[in-house]
Amino acid sequence: MKKIYFILLSILCLAVSVSAQSLTKEQEQLMQKRAAQKVGQLTGYIESIAKKSESLEYRLYYRSAALKLFIGQGDAYDELHIDSYGKSIKIEKAGVIMQVTSLNRKSKTDHLVKDYLRNLANLRYSAVEIKTTDIAHMKVSKLQKVAANTYKCVCYFKQSFVGYREGRPVYSDITEKKVECLIYEESTIDGPEYIVRLGDVTALETRRLNSNTSADDIINILNQ
Amino acid sequence: MKKSFFLIMVCCLSIAASAKSIHWITFIDTTDPKVGLVDVNGRKFLYSQWINKVSAALAGEGYNQKVYDYYGTSTSPQNCKQAIQNFCCDSNDIVVFYYIGHGGRAVADQSKYPQMMLAQTIDDKCIPLTWVHNKLKGTGARLAVTIGMCCNSYDPSMSPKETIAFNANNGTASYTNSEMESIRRFFLENVGDVIISSSSVGQPSWAFDIPGMNAPMDIFTFRLVMDFNSYMRETSKPSWYTLIGRVATDVNNISLSRARAAQTPQYDINLVSANRPGKVKKKDIDIPDRKPINIDIKNIETATDEVSQAMTTVLDNIIDTNEALEARMRRAGILKNRFTSDAVVRTVAEDSKTVVDKMSVSDFFDIAATSKNYYKIIVLSVDTDDKGQFTGMRVREYVQK
């Protein structure tokens with residue numbers, strides 16, 4: 001009896017852990033594309049927020065709009081998961097996390113995305129240039145069901161950062177990042193509708209970028 | 001002398017200040033019992049993969065999109081004659097006419113181009129493709145393109161026509177910057193006219209099953225759109241001759257292998273290179289009032305009604321990164337106030353039916369007014385309550401980067 005119970009439990013765990021898909025292949029591709037577009041909007045905002053040539057007032061407008069791309073608009077939210085018994089559980093989160101790295105620090109630092117974007121607008125460089133992977137070159141994972149009517153995919157991109165003081169580049173790096181994208185499904189009389197919001201951003205690897213690297217070469221690296 | 005010079009200057013200024021438009025006039029026979037479903041697919045594909053994309057590329061050069069989308073029961077010779085005879089445009093405008101449906105040719109037809117049946121079979125009412133083309137050339141548009149996707153086979157019941165034989169009856173729809181720039185070059189750095197038909201004299205036009213579609217589609221529209229998109233991705237100096245030549249070869253190869261019969265698109269290209277027209281300052285336009293109407297949301301490929309088209313034009317101004325941020329946000333604020341506080345904007349995918357995102361109208365306009373990522377946002381439909389306030393909107397977004 002114990003053996004049968006164990007086998008049944010194992011099958012249940014296996015069934016839950018496998019990415020349970022009720023989306024068609026075409027729908028999945030559409031959602032992956034939308035997720036990449038949202039990440040592209042975010043990276044566009046990051047570039048704009050960091051650009052010192054625009055006024056701080058404008059850059060804070062960009063920050064305010066960028067937060068609308070995220071779960072909970074960057075504020076506290078409840079994250080839903082399915083446990084190994086198939087039960088929905090809720091985890092309270094203080095807000096979406098943006099992980100930051102630096103060649104000058106060994107460890108990675110987590111910031112609430114609303115704080116990260118504010119800090120980005122106030123960096124102590126005379127100029128900052130950030131470039132990121134084009135949407136067309138972003139890699140997006142398959143969708144995985146993580147809760148009732150909720151899917152997740154991960155979008156990968158690279159970001160180059162060059163900080164200037166008095167016209168000279170004093171810091172430059174290139175970081176590979178991944179973003180969790182949550183896709184919520186709502187049933188309507190016209191069929192399912194989806195909502196895409198961005199979640200935590202994790203820094204995977206950071207390496208030095210040669211300050212002599214040309215703009216074209218940077219773009220080539222970002223789009224590999 | 002001074003007075004006439006002054007008048008000439010005023011006219012020139014008026015012309016320079018007027019907005020530029022790309023006009024899409026499509027007549028698609030979606031009700032035919034034999035090929036209706038084929039043409040439904042053709043229409044969806046054409047709008048989602050070509051028309052809206054080209055409009056998105058040209059929006060960056062200040063071109064508004066104007067769509068005259070005739071399908072279903074609105075596809076008729078009377079409507080076609082009326083639409084073409086009444087069409088007018090400015091000298092910097094581009095006009096593209098596209099027909100998908102039945103066609104044929106009389107034994108004694110002089111022109112190599114077919115006549116269009118436009119969802120009926122009475123010979124007297126068929127319209128020659130060349131008639132449409134000559135009319136559109138005569139409007140003075142910067143670029144006039146006429147495309148007919150139909151059979152060009154001999155039909156003994158047809159008689160040759162150079163002009164319309166009947167009287168009009170006034171009764172009875174993620175890209176890279178380089179790709180979009182190629183599209184702009186293709187449409188904006190050539191002036192003149194182009195006429196294309198999907199098959200040569202005596203040939204039918206074929207439809208086959210296309211992977212991923214639930215019904216067959218005509219191979220000409222499929223190859224035109226697919227070859228256009230791949231060509232724009234691979235070249236920075238696009239040529240009409242190269243593209244249409246490629247389409248003709250591909251279509252012929254497919255028809256020979258699938259139907260064991262030749263189908264060779266034919267064309268005449270009369271173009272010269274030109275500089276792009278200069279950008280003009282954006283003008284604010286009003287969104288007209290509208291009573292609630294029933295909208296078939298499953299068949300909307302692009303903005304066609306007055307409110308949706310006006311909304312699309314205002315959104316062109318809101319997303320324009322050449323405009324100051326304050327101006328963009330001001331326009332967005334004005335438009336937000338036309339909506340109820342709980343209004344939702346739905347973003348529709350290229351398949352024309354899947355809602356891939358939703359957000360409040362306030363968040364949507366905040367992002368539209370501040371993002372630097374949009375080529376174009378096309379409003380597909382606007383919902384209205386009985387007080388005339390807008391309660392929701394469906395859009396398709398074209399995002400760059």
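The values are calculated or read from the model by the stated rules, or taken from the named source; none is laboratory data. Because the structure is a prediction, the values reported are computed rather than measured. A quick note on method: Cβ atoms are made from the backbone with ideal geometry, for glycine too, and the neighbour counts reach across all protein chains shown. Note: areas computed on protein heavy atoms with side chains; ligands, DNA, RNA excluded. Shrake-Rupley method; radii C 1.70, N 1.55, O 1.52, S 1.80 Å.
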Charged-residue dipole, Cβ positions (Lys, Arg, Asp, Glu), the protein assembly as shown about Cα centre, Debye nearest 20:
1540
Charge dipole (debye, nearest 20) of chain B; +1 at Cβ of Lys and Arg, -1 at Cβ of Asp and Glu:
880
Please list, in chain and number order, the residues 5+ apart from B:ASP357 or on another chain whose amide H is under 5 Å from its amide H, with Hs placed from the backbone.
A:TYR194, B:THR347
Each residue of the stretch A:171-184 in turn: what ³J(HN,Hα) in whole Hz from Karplus with 6.51, -1.76, 1.60 and θ = phi - 60°, glycine and Pro shown as x?
8, 8, 8, 9, 10, 8, 10, 10, 10, 7, 10, 9, 10, 9
Among B:TYR63, B:GLY103, B:ASN79, whose Cα sits farthest toward the positive end of the charge dipole of the stretch B:51-108 (+1 at Cβ of Lys/Arg, -1 at Cβ of Asp/Glu, about the Cα centre)?
B:GLY103
Among A:LYS51/A:LYS108; B:LYS237/B:LYS279; A:LYS93/A:LYS178; B:LYS137/B:LYS376; A:LYS33/A:LYS106; A:LYS33/A:LYS177, the pairs whose Cα-Cα distance exceeds 26 Å are B:LYS137/B:LYS376; A:LYS33/A:LYS106
Hey, could you get me the Stokes-Einstein D for chain B, Kirkwood radius over alpha-carbon pairs, 20 °C and 1.002 mPa s, rounded to whole µm² s⁻¹?
97
Highest mean packing first, using Cβ neighbours within 10 angstrom, the peptides B:75-83, A:180-188 sort as B:75-83, A:180-188
The whole-number value in µm²/s of the Stokes-Einstein translational diffusion coefficient for the protein assembly as shown, with Rh from the Kirkwood sum over alpha carbon pairs at 37 °C and 0.692 mPa s, is 122
Per residue, how much accessible area does the protein assembly as shown show when a 1.4 Å probe rolls over the protein heavy atoms, in square angstrom?
45
Excluding ligands, DNA and RNA, what is the accessible area buried between chains B and A, summed over both sides, using a 1.4 Å probe, to the nearest 100 Å²?
2800
How long are the three semi-axes of the equivalent ellipsoid of the stretch A:107-203, in whole Å, if each is the root of 5 times an eigenvalue of the C-alpha gyration tensor, listed from largest down?
34, 14, 12
Would you compute, from DSSP H runs of 4+ residues alone, the mean residue ellipticity of the protein assembly as shown at 222 nm, taking -39500 (n - 2.57) per run and dividing by the full residue count, rounded to the nearest 500?
-10500 deg cm²/dmol
Note, ³J(HN,Hα) from phi for the stretch B:68-82, Karplus 6.51, -1.76, 1.60, rounded to Hz, x at Gly and Pro
10, 9, 9, 8, x, 6, 7, 7, 7, x, 4, 5, 5, 4, 4
Could you give me D for the stretch A:152-224, from Stokes-Einstein at 37 °C and 0.692 mPa s, where the hydrodynamic radius is the Kirkwood radius over C-alpha pairs? Units µm² s⁻¹, please.
221
Farthest towards the positive end of the dipole of the protein assembly as shown, among B:PHE364, B:ILE147, A:SER22 and with Cβ unit charges of +1 on Lys and Arg and -1 on Asp and Glu, lies the Cα of B:PHE364
Where in the stretch A:187-204 does accessible area fall by at least 20 Å² between the isolated chain and the complete protein assembly, at a 1.4 Å probe radius?
A:ASP190, A:GLU193, A:TYR194, A:ILE195, A:ARG197
Which aspartates and glutamates does A:LYS131 reach when only Cα atoms under 18 Å apart count, and residues fewer than 8 places away in its own chain are ignored?
A:GLU47, A:GLU54, A:ASP173, A:GLU176, A:GLU205, A:ASP216, A:ASP217
Going toward the positive end of the dipole of the stretch A:150-224, with +1 on Lys and Arg Cβ and -1 on Asp and Glu Cβ, which of A:LEU209, A:VAL179, A:SER160 do you reach last?
A:LEU209
Based on Cβ point charges of +1 for Lys and Arg and -1 for Asp and Glu, what charge dipole magnitude is obtained for the stretch A:69-152 about its Cα centre, in debye rounded to the nearest 20?
280
Can you work out the Karplus-derived ³J(HN,Hα) for every residue in the stretch A:132-146? Use 6.51 cos²θ - 1.76 cosθ + 1.60 with θ = phi - 60°, whole Hz, and x for glycine or proline.
9, 4, 5, 3, 4, 9, 6, 9, 10, 6, 5, 7, 10, 7, 10
